[in-house]
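No lab work stands behind these numbers, since they all come straight from the coordinates. The model shown is predicted, which means the values in this text are computed figures rather than measured ones. Glycine also receives a Cβ, built like all others from the backbone with ideal geometry; neighbour counts cover every protein chain displayed.
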Amino acid sequence: MTIAKRLTLLSAVPLVALIGLGTFTRVHWSTTKQRTRFVAETQVGSLSSLGDISRDFEELRVRIRAYAAAVKLTGLLGEFDPGAEDFIEANRAALQPLFPDEGWSALEELVQGYAFAEAQAMLEHAASKLSNA
């Protein structure tokens, strides 16, 4: 083999390798582009739906917790149990979503003033609005 043939071969091998690598990269890039398009078109909608479900689940969890606390407090108020005030303090986070604006402070004042019948009526009204929602 002459020097000219060897130089030609040594020059051609890297060129062939570069052309092969370029072809492989182009094919791989096109596959990645197709998969990205699939994710953008279908999976983003699924993520949005998952977010909606998660938000609804959290709302439902808060409502159930508020309703359970309201049922327990209604029982305490119906029995004229002075522990109702302590129950309100311990379960403030669960009960407060039942009362918009000044409703919560009004309930606290009624219970602190031992007006249990009025507080019970107010609580039952709030719980009925929650169960109807």
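Remarks
- Cβ charges +1 (Lys, Arg) and -1 (Asp, Glu), total dipole of the stretch 3-132, debye: 2300
- Listed residue (Ala121, His28, Thr2) projecting farthest to the positive dipole end of the chain, Cβ model: Thr2
- Nearest 10 degrees, 0 to 90: helix 103-112 Cα axis against the chain principal axis: 40
- Ascending count of other beta-carbon atoms within 10 Å, so fewest first, for Thr32, Thr2: Thr2, Thr32
- Taken along the Cα-to-beta-carbon direction at a fixed 7 Å, the label points for Thr42 and Glu58 span 2.9 nm.
- Global form of the stretch 1-98, assessed from the alpha-carbon gyration tensor, a/c cut-off 1.5: prolate
- Cα-based helix-to-principal-axis angle, 44-78 vs the chain, degrees rounded to 10: 20
- For the chain, the 222 nm mean residue ellipticity estimated from helices alone, with every DSSP H stretch of n ≥ 4 adding -39500 (n - 2.57) and the total spread over all residues, rounds to -28000 deg cm²/dmol.
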